[in-house]
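Here's the structure, in C-alpha cells; my notes come after.
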Amino acid sequence: MSFSVHDLRYHLPQHYASLYAYLNYRAKRALGALGSDNFELDQVVSHVIEQLTRIGILGTGDTTPPTALDSFTNAQFYAFLNRSIRNKAIDRLRKRHALTNTFTELERTGGEDDEISMLDTQVESLWGSIPYSAPEDAAIEAASQESLRRLLKDCIKGLSAAPRQLRALMQELDELGAGDLVEDIRKEYGSLFDNTSAEPLAHISQHKDHAHKKLRHCLQKSSTNLAVIVALRLSEYEAPIMGAIFSVEVKTLAQENLTEQDVRAGLRHLAAEGLLVWHGEETVEYTSEQRKRLARFYEEGE
Amino acid sequence: MNDHMQNEGQPNPGHSRQSYIPLARWLQEVLAIPTPPSPPERTSLLETGGHPIEGYHPQFYSQIPDFVAALLKDDAQATLRYAPLFYHLIGCSTCHTAYLEIYDAMRAALATGGEAQIVAPSSQAMALTPPRMLVYLCQLQINSARAVLRQSRHDHVDRDAWARTLLRQAITISAYIQQSSLRVRALQDLVEVATLALGTGDAEPAAHSYSSVVTPGAGVRKGVKVRRRAEMLDRPMDGEAIDLESGSLEGLLTQDGEMLELRLHDLDESLRGRYLLISIPLGALLEPVRWLGKDPHAIRSQVPVDAQGNLKTPLGTTDLRLTNREDRHMLEAMFKKLDIRPL
C-alpha cells in the first residue's frame with residue numbers, strides 16, 4: 001500500500017482508509033506505552049487529518065491550488081506525516097505527564113531526570129531553530145526589514161482619505177518611539193499633512209481604532225506586496241527601449257514564484273496609484289520618468 | 001535582482017534590533033486576532049460535533065506550506081512574497097502554531113532526499129476504518145466548508161467551489177458509515193452549511209419541507225406505523241424506498257429502473273389539483289442524478305396533486321441503486337431536504 005498527496009487530493013474515498021491505517025500505525029509507535037489508549041491514538045491521528053484538511057489537500061481536487069506538499073515524493077510526504085505524528089505524540093505525552101505531575105508533585109523528592117524534561121527539551125529545541133519561532137520575531141522582522149516597512153508605509157498612506165485617523169495614527173507612532181518611521185512618512189508623503197490642523201484631536205482613541213482596523217486589513221491583503229514586487233521588477237528589468245518607452249510583457253514579469261495573476265494584481269495596484277498607465281494589456285509600457293517613480297515606490301526614504 | 005533584494009530587505013545597519021522593538025510591539029497589538037477560548041479536553045473524538053472550527057483562516061492556512069518551502073530554500077523574497085500571511089502570523093496564534101508544526105515536518109521531509117523506505121501497513125478497506133474516524137472526517141469537512149464560506153463572504157472572494165467539494169466529500173464518506181445514528185451525526189450540519197454554499201436560502205418559503213428518514217438498515221424502520229403507511233402508499237419492497245417526513249406528513253422516494261420517483265401523501269386541500277415545484281437543495285452538490293428539467297431547485301411535477309392529496313412524480317434518472325447500501329446512504333443524504341411549492 002502507498003498513497004500520494006495526489007491520491008488524497010483527487011481520490012480521497014478510495015485512500016482515506018489507508019491514510020488512517022498508516023497514521024494509526026505511526027501514532028501507536030510514537031506514543032509508546034500510551035499507544036494502547038484509543039483516546040490518545042485518536043487525538044494524534046485526528047490532529048494530522050485536521051491539518052491536511054485545513055491546508056486544503058483532503059479531497060479538494062482542483063478547487064484549491066497545489067501546495068508545496070503536492071510536489072513531494074511519496075517518501076517525503078510519508079516523512080512529513082511521520083514528523084507531524086511524532087510532534088503531536090510528544091505534545092500528548094507532555095500533557096499526560098503534566099497531569100500526572102499535578103497529582104504526584106508533592107510526593108516527589110525532586111532532582112531526578114524524567115521523561116517530561118526530556119520531552120520539554122526536545123520540543124523547545126525543535127521550535128527554537130525555526131525562523132520566526134515566536135510571533136515577536138516576526139514582528140521585529142516586519143518592523144525592521146525595508147521591504148516590509150515599505151508595505152507598512154503604503155498602508156499608512158492609504159489612510160489619507162481619513163485625515164483624522166491618519167493624524168491619530170502618526171501621533172501614536174510618534175509617542176511609542178517610532179519617530180524614524182513617522183519622519184520617513186512625512187518626508188515621502190508630506191503633502192498629505194498640508195491640511196491637517198494643529199488643534200488637539202477629539203475622540204482620538206476612536207480614530208485610532210478605525211485606523212488600526214484599516215491597517216490590519218491593508219497589511220493582510222495581497223495586492224500591496226505584489227505591487228512592491230512588480231514595481232521592483234519593472235524598475236530593474238532591462239527592458240528594450242522603443243523611443244523613450246520601456247516595454248515588457250506581463251508573462252516576462254511572471255517568474256520566480258510569481259504567477260501572471262499575481263503580476264496583474266500588482267500592476268492594477270500600481271495603475272491605481274498613478275504610477276503606471278495599464279489597462280490589462282499583455283505588454284506594460286512605461287517611460288523613464290515612470291521607471292524612476294517605480295523605483296522610488298520600492299526604495300525607502302526617497 | 002536577488003542581490004538587490006537581499007540588500008534592500010536587510011534592516012537599516014544604522015539601527016539596532018532594540019530600536020525596532022516598540023514598533024514591533026505596536027504591530028503585534030494592531031494585528032492581534034483574539035485567541036478563541038481553548039475548548040475543554042474532549043473525552044471522545046465524536047465530541048467535536050457540530051462545533052465550528054475556531055481560529056481557522058483558510059486563505060492563510062493553505063499558504064503556509066508554500067511560505068515554509070520558500071524559507072527552506074532561503075528565498076530572500078519569502079517574507080515579501082507572502083507578506084499578507086507573514087503579517088497574519090504575527091497576530092494569529094492558531095496559524096502561527098500551525099506554521100511551526102508544518103515548518104518542522106517539511107524540514108524533516110525534505111531532509112529525507114525522497115529516497116527513504118516506506119514502512120506501512122498493508123492496503124486497507126473503508127469497512128475496516130473505525131466509524132468514529134469517518135464521522136470525524138465528515139464533521140471536519142462540513143465545518144471546514146463553513147469556515148471557507150464565512151471567510152469568502154468576509155473577503156468578497158469566491159471560494160464556493162472549494163466549500164462545495166468539501167460538502168460532496170462529506171456526503172460520499174458518510175455513505176460508508178453503516179450505523180444510522182452515526183450517519184446522522186456525521187451530517188448534522190450539512191443542510192445548514194450547504195444552504196450557505198448553494199445560496200438557496202432566499203427562496204420564498206416552502207409549502208412543506210420534507211427530510212429523509214435515516215434508516216438503521218436497509219428499509220427497516222419504525223414497525224407498525226410504517227407498515228400502515230406503506231400500505232397506503234403502495235410501498236415497494238423493503239430497501240427500495242427512502243422515507244420522507246414533514247411534520248405529520250409522510251412521503252417516499254422510490255426507484256423504477258434508473259428513474260427516481262417522489263410519492264407524497266395527505267397533502268392539504270390548498271395543494272390538491274395543482275402542479276408542484278419541487279426543490280432538492282443538496283441535489284446540486286452531487287452529479288449522479290440527471291434531474292428532470294436539469295435544475296434540482298425547480299423540478300416541475302409531471303401531474304397535479306390528486307383529489308386525495310397524493311402525488312407520484314418522477315424526479316430524474318441515476319445510476320445509483322436504492323438496493324445498494326452505499327448508494328442508498330448517498331441518496332438519503334441528498335434528500336435531507338426536499339421543499340415543495342404550488343406552481
Cut-off under 5 Å, modelled amide H: who pairs with residue B:300 long-range: B:278
Residue B:270 versus residue B:245: modelled label distance in nm, points set 7 Å from Cα along the beta carbon direction: 2.4 nm
log10 of Debye I(q)/I(0), alpha-carbon scatterers only, for the range B:138-195 at 0.20 Å⁻¹: -0.66
Interchain or long-range residues, amide H under 5 Å from residue B:210's placed H: B:338, B:339, B:340
Under 27 Å from the Cα of residue B:336 - lysines, other chains or at least 8 residues apart: B:222, B:225, B:294, B:312
Using a Förster distance of 22 Å, the FRET efficiency for residue A:236-residue A:279 (Cβ separation, nearest 0.05): 0.40
Peptide B:88-98 - average C-beta neighbours from other chains (10 Å radius): 4
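Which of A:153/A:251; A:251/A:292; A:187/A:221; A:221/A:292; A:28/A:221 have a Cα-Cα distance over 31 Å?
Values: A:153/A:251 29 Å; A:251/A:292 22 Å; A:187/A:221 26 Å; A:221/A:292 26 Å; A:28/A:221 42 Å.
Listed pairs above 31 Å: A:28/A:221.
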Hz values of 3J(HN,Hα) by residue in the range A:159-175 - Karplus curve (6.51, -1.76, 1.60), Gly and Pro given as x: 7, 4, 5, 10, x, 5, 5, 4, 5, 4, 5, 4, 5, 4, 4, 4, 5
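FRET efficiency for residue B:16 and residue A:160, Cβ-Cβ distance as r, R0 = 30 Å, nearest 0.05?
Numbers: r = 31 Å, r/R0 = 1.04.
My answer for the efficiency is 0.45.
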HN-Hα J in Hz across the range B:71-85 - Karplus 6.51, -1.76, 1.60, θ = phi - 60°, x for Gly and Pro: 5, 5, 8, 6, 5, 5, 9, 3, 5, 6, 4, 10, 3, x, 5
Karplus (6.51, -1.76, 1.60) ³J(HN,Hα), θ = phi - 60°, over the range A:43-57, in Hz, Gly and Pro reported as x: 4, 6, 5, 5, 4, 6, 4, 5, 5, 5, 5, 5, 5, x, 9
Distance (nanometres) between label positions extended 7 Å along Cα→Cβ at residue A:136 and residue A:206: 3.6 nm
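Report the semi-axes of the equivalent ellipsoid for the range A:222-298 in whole Å, largest first, where each axis is √(5λ) for an eigenvalue λ of the Cα gyration tensor.
Values: eigenvalues 58, 36, 26 Å².
Square roots of five times the eigenvalues give 17, 14, 11 Å.
No value in this document is a laboratory result; all are computed from the given coordinates. Being a predicted model, the structure only gives us computed values, none of them experimental. As a convention, Cβ positions derive from the backbone with ideal geometry for all residues, glycine included, and neighbour counts pool all protein chains shown.
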